[in-house]
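Working notes, structure below.
Where a number appears in this text, it was derived from the coordinates with a stated rule and is not lab data. Owing to the predicted nature of the structure, the values given are computational and were not obtained by experimental measurement. Cβ placement follows ideal geometry from the backbone for every residue including glycine, while neighbour counts extend to all protein chains displayed.
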Amino acid sequence: MNNIGFITNCLTTSFEAKIGLASKLGFSTLEVACWPRGNRKPCDIDADNFDSNQVKQIKALLKKKRVTISCLAYYENILSHNLSLRTKYINHLGNVIRLAHALNVRYVGTYFGKDFSSSLSENFSLVNEVFEPILEYAETLNVSILIENCPMPTWSEEGFPCTISYSPELLHKLFSIFPNENLGLNFDPSHLYWQKIDYLEAAKDLAPHIKSVHVKDITTVHNRLNQFGIYGKETNKKNPYDYGYYEATVPGYGDIQWLNLLKVLNRNGFHGPLQVEYKNGNGFGKLDSVERGLQLSYQYLRMIQDLEVEQ
């Protein structure tokens, strides 16, 4: 069976408390948020400032609670057109890779991103220039980089794609640029679904590259799609995530056929973790806590794993 975990940025408690909650709910692994201190997103382990004693303490706590770390998360626009920011992001990513090595964590998750001021072909040249040294450095430390397939429309005021790795076409192009064995895909079917891409076919097509799966479900309202188009609402947004026709929700309560997806993945050689990316935009069941949402997510994923084994 695949390990079931969650991405820790859904909680605001201490890292120790997150590990304890994972153990309590039955999760066996985690994808740990490692944005820099002072960032808008959580920093569960400070990759810019850690020492051997801290590493030992983290390993001891994980062992005690019988939880592992499968991936360190730092999803940022590494190809940013702002050279100062790009340098900052690259340096931090390097530190996250170094932290992964110290913790014996195999994967670091990130985005390629996109230089908004350049053409797509120029971005393919840029990604080769920027990421080849990153992958080489990671390889020396026995760490693999996992790219997530989100278009990141919230990085654009108009809601347009802000990464160069959001479709099977683009991913195949990038894997041809980088045949490196330490580059893989953190597969998120929900982003393919709202783009009207067949995520089951994509899972077959990209199977050799899929090392981990982000699990969040999605609900759609098709008559609103007819009004807004696949990139969603452009005017009168309540917030950057107000897409108009789709919302993220707890796995099993949206449109994604998770049992069918798990069958496709496992029958094509997938052995990686299922990491819950907890979001509940549609307020399913009027959940009053992230903990309850994580509990429901875990129970659902265990159920479909059991069904997949029985079939």
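Numbers at a glance
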| read-out | value |
| --- | --- |
| Eligible lysines near Lys196 by straight Cα distance, threshold 26 Å, same-chain separation 8 or greater | Lys114, Lys173, Lys204, Lys211, Lys216, Lys233, Lys237, Lys238, Lys263, Lys279 |
| GNM result for the chain, Cα springs below 10 Å: residue of Gln299, Gln227, Gln257 fluctuating most strongly | Gln227 |
| Given charges at beta-carbon only (K, R positive; D, E negative), |dipole| of the range 45-108 in Debye | 440 |
| Net length gained if the chain between Asn39 and Asp205 were fully extended (0.36 nm per residue, minus Cα distance) | 56.2 nm |
| GNM top mover of Leu174, Leu146, Leu294 - the chain, alpha-carbon springs below 10 Å | Leu174 |
| Square roots of five times the Cα gyration tensor eigenvalues for the chain, Å | 26, 26, 20 |
| Candidate lysines - alpha carbon under 24 Å from Lys56, same-chain residues fewer than 8 apart omitted | Lys18, Lys24, Lys64, Lys65 |
| Three-way shape label, the range 68-195, alpha-carbon gyration tensor, a/c 1.5 | prolate |
| Mean Cα-pair separation over length for the chain, i.e. relative contact order, pairs under 8 Å, 6 or more apart, % | 17 |
| Gain on full stretching of the segment that runs from Val55 to Leu259 - 0.36 nm per residue minus C-alpha separation | 69.8 nm |
| Coarse-grained scattering of the range 158-228 at q = 0.12, 0.17, 0.23 Å⁻¹, given as base-10 log I(q)/I(0) from a Debye sum over alpha-carbon atoms | -0.37, -0.70, -1.13 |
| Computed over the range 2-84: relative contact order in percent, which uses C-alpha pairs under 8 Å that are six or more apart | 33 |
| Three-way shape call for the range 1-105 based on the alpha-carbon gyration tensor, with the a/c threshold at 1.5 | prolate |
| Farthest positive-ward along the chain dipole, Cα basis, beta-carbon charges - from Thr68, Phe50, Ile19 | Ile19 |
| Order of Cys150, Cys34, Cys43 - criterion: other Cβ atoms within 10 Å of each residue's Cβ, fewest first | Cys43, Cys150, Cys34 |
| Most fluctuating residue given options Pro151, Pro251, Pro133, as computed from a GNM of the chain linking Cα atoms under 10 Å | Pro133 |
